[in-house]
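Presented below is the structure to which this report refers.
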Amino acid sequence: MDGSRLPDATQNARFTGVRTYMRLPVGDAESNPDAAIVGIPFDTAASFRPGQRFGPSAVRDISVLLRPSNQFHSINAFDKVRVVDTGDVPAIPGDIQRTYDLIAARYAELASNKVVPIGIGGDHSVTLGELRGLAKVLGPVALVQLDAHCDTWDNYWGVRYTHGTPFRRAVEEGVLDVAHSIQVGMRGTEYAPGDLDESRRLGFEVITTPEMLKRGPAEVAAAIRRRVGDVPVFLTFDVDFFDPAYAPGTGTPEVGGPTSAFGLEIVQSLAGMHFAGLDTVEVLPALDPGQITALLAATLVFEFVALVALDPKHTRAAHADRGRRRSLT
């Protein structure tokens, strides 16, 4: 894709135009992109403070502030991969199972067309729907979860599908390659001593925030790489991974977390891995003064696009498939 497909903010003011992510063109799987932005405006499964249904629109709104060139990687990722905004999954408030079906259908369609989905939530329950859709096409994928919470509890109030349970369900349903999966950033109070041991019993490697801060971003990224290896991976990033000073607009904040720079460096250091999909979740605009959290989530998505552009397996496969499609037409 030619980077000129993104409107030039020096020629067209940022606040003009249709509010897609970074004013990207609207498209779908059939438009033959390499990656697709997918909004998932759902918060029925939030256990404390709702409002994450407005996260995708908030992230898109502030994303116009971003410029196309990635300073860390010294590339314009939009010159290397074609990215479209597919709009929102038509989530159904109050009906998580039907919403999961809609998410899974969108993600299966994208994966079938060799498109890497980049989701914007929504509460963290939506990631189970994303994993279900990818597994239909790709089989179980590894998970890299950056989060303050493990989200492997069995239930809340007897309800098995909430934003605190998706990764236990994902293991039970067989949509995760848990032997190559890792959770990073866990901290805060627990319901009972040894809560994190439950994640380990399910098969996850777990790195807590205190351990992560001692290691530093580069070493944490190296640990992620060792755990995942060469298998396809889904990266999910809950904004409550960050200290609430850097991400106040979220439903279940936890003090004592890392800076935005720390988390971004981890993501940037994962370049070259093979990503089946990525998402960022739990932006709650009503509690987000100055759009601080939305801007951080928009920047994560920007870094996700760079990871797709720097994924050698995806790039080779996508280019070969695009050439095959042209020859058929």
Next item on the list: Looking only at the stretch 67-124, count how many residues are open to solvent by 10 Å² or more (accessible area, probe 1.4 Å), part of a helix (DSSP H, G or I) and in contact (Cβ under 8 Å) with a residue 60 or more places away in the chain.
Entry: 8
Check: Can you name the helices (runs of 4 or more DSSP H) wholly within the stretch 130-240 that have at least 1 residues being more than 20 Å from G272 (Cβ to Cβ) and among the aromatic types (F, W, Y)?
Finding: 166-173
Checklist line | Inter-residue pairs, beta-carbon under 6 Å, first more than 22 Å from A223 (Cβ to Cβ) and in the stretch 131-144, second surrounded by fewer than 17 Cβ atoms within 10 Å (Cβ to Cβ) and at pLDDT 95 or above, 6+ apart | finding: V137/S112
Margin query: If I ask for residues that are open to solvent by 40 Å² or more (accessible area, probe 1.4 Å) and in contact with a His (Cβ under 6 Å, 6 or more places away or on another chain), which ones from the stretch 230-247 would you list?
Written below: P232
Next item on the list: Output the residue which, of all residues in the stretch 268-291 that are more than 12 Å from T250 (Cβ to Cβ) and of a type in the set (A, V, I, L, M, F, W, C), is surrounded by the fewest Cβ atoms within 10 Å (Cβ to Cβ).
Entry: A271
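The values are calculated or read from the model by the stated rules, or taken from the named source; none is laboratory data. As the structure is a prediction and not an experimental result, all values here were calculated from the model. With ideal geometry, Cβ positions are generated from the backbone for all residues, glycine too; neighbour counts draw on all protein chains shown. Surface areas here come from the heavy atoms of the whole protein model, side chains and all, with no ligands, DNA or RNA. Shrake-Rupley method; radii C 1.70, N 1.55, O 1.52, S 1.80 Å.
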